[in-house]
Structure formats: structure tokens, C-alpha cells
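Here's the structure, in C-alpha cells; my notes come after.
The values are calculated or read from the model by the stated rules, or taken from the named source; none is laboratory data. Since the structure is predicted, the reported quantities are computational estimates derived from the model, not experimental observations. Neighbour counts are summed over all protein chains in view; Cβ atoms, including those assigned to glycine, are modelled from backbone coordinates with ideal geometry. Heavy atoms of the whole protein, side chains included, go into the accessibility calculation; ligands, DNA and RNA do not. Shrake-Rupley method; radii C 1.70, N 1.55, O 1.52, S 1.80 Å.
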Amino acid sequence: MPVPAEYQCASDNFYEYLVDTRNIAGLWSTHVAYTMTQGVFQVFRRRLSTENVIAFANVLPVCLRALFVTDWNINESKKPFGDYEEMIEEVKLLREEHNFSPDTAIRDVSIALRKHINEKAFQKVLSTFPKEAADFWNV
């Protein structure tokens, strides 16, 4: 069996995602888009069960999947979903001195992410999560 295209094109697809995220958020660099994405992913991940983290990761493209689980401390206490402003402030705590995430970071990542995933699979997995988890991506 040949290597699946998802893996052969992973770097190109990831860069396309970063460019889309940069443009949607009005940022000047894909590096800034990377940090913003990682921050949004960490905020979301901290509010999920281990089972939900794995299920969510499985609907992401390869490189985004890896970024979603990077530096995951499975023993970290699960946080509740808070209001949008509180979660945005948490996004901005990742690499604070180099984090230029806008106040629309969660929305911007959500919009960009949807351009690079299978929306049907994404919605299917979110439908099995608590309502607040689905709401996180529908801002």
C-alpha cells in the first residue's frame, strides 16, 4: 500500500492552514498564526476528557493533530469552559512575550480550521462532546 496522501502532503497542507489562519486573523506572520493555533488548541484540550481529546485529534489533519497533542500533560486538571474573554486571555498566556493573538483568536482558528477538515466528521465528533465544547468552535 502506498503512503496515504494525507501524510505525503502534510507539510504543504499545514502551511496552507497557517497562511489561511494568518490572513483570517489579520496577522503578519505564519509564526504568529502557529502560536495562536497552539494556544487555542491548548485551551480547548484542557477542557476535554482524554477520550474526547483523542476523538477530536483524529478528525484533524496530520500536522494539526500533532500540534493538538504536543506538550499534553494528561495529568493536568480539567478546566471548565468559561466565557469567551477568559479563554482568550488563556490563549494569550502561551509564550506571552511572543504571542500576538487577537481577541478573535478562537473564532479565527475555527474559521481557518473548517477550511482544512472534513466538516461532517468534525460535527459528528463534536456532537458527542458536551455542548460547551461544540460552542467553543461555533463562536
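Close contacts from region 1-21, counting a first residue that is open to solvent by 60 Å² or more (accessible area, probe 1.4 Å) and a second that is at pLDDT 80 or above and assigned to a loop (DSSP other than H, G, I, E, B), with Cβ to Cβ under 8 Å and a gap of 6+ residues or different chains, come to GLU6/PRO61; ASN13/PRO61; ASN13/HIS116; GLU16/HIS116. The one condition from (1) open to solvent by 90 Å² or more (accessible area, probe 1.4 Å); (2) in a loop (DSSP other than H, G, I, E, B); (3) under 18 Å from VAL32 (Cβ atoms) that ILE74 does not meet is (3).
Of LEU27, LEU48, which residue is in contact (Cβ under 8 Å) with a residue 12 or more places away in the chain and under 21 Å from ILE74 (Cα atoms)?
It is LEU48.
Considering only residues of region 80-110 that are within 23 Å of SER11 (Cβ to Cβ) and surrounded by fewer than 16 Cβ atoms within 10 Å (Cβ to Cβ), which is modelled with the highest pLDDT? Within region 80-110, the match that is modelled with the highest pLDDT is ARG95.
Which of the residues that make up region 64-108 are over 18 Å from ARG47 (Cβ atoms), more than 13 Å from the chain's Cα centre (by Cα) and not hydroxyl-bearing (Ser, Thr, Tyr)? Of everything in region 64-108, those that are over 18 Å from ARG47 (Cβ atoms), more than 13 Å from the chain's Cα centre (by Cα) and not hydroxyl-bearing (Ser, Thr, Tyr) turn out to be ARG95, GLU96, GLU97, HIS98, ASN99, PHE100, PRO102, ASP103. Only residues that are basic (Lys, Arg) and either in a loop (DSSP other than H, G, I, E, B) or under 13 Å from the mean Cα position of the chain (by Cα) (or both) were counted in region 109-139, giving 2. Residue-level analysis places LEU60 outside the set of residues that are assigned to a helix (DSSP H, G or I) and either under 11 Å from the mean Cα position of the chain (by Cα) or not small (Gly, Ala, Ser) (or both). Taking the criterion of being farther than 14 Å from THR35 by Cβ and without any contact (Cβ under 8 Å) to a residue 60 or more places away in the chain, the residues of region 97-109 that qualify are ASP103, ARG107. When region 51-66 is filtered for residues that are open to solvent by less than 10 Å² (accessible area, probe 1.4 Å) and either in contact (Cβ under 8 Å) with a residue 24 or more places away in the chain or polar (S, T, N, Q) (or both), the ones remaining, listed by number, are PHE56, LEU60, LEU64.
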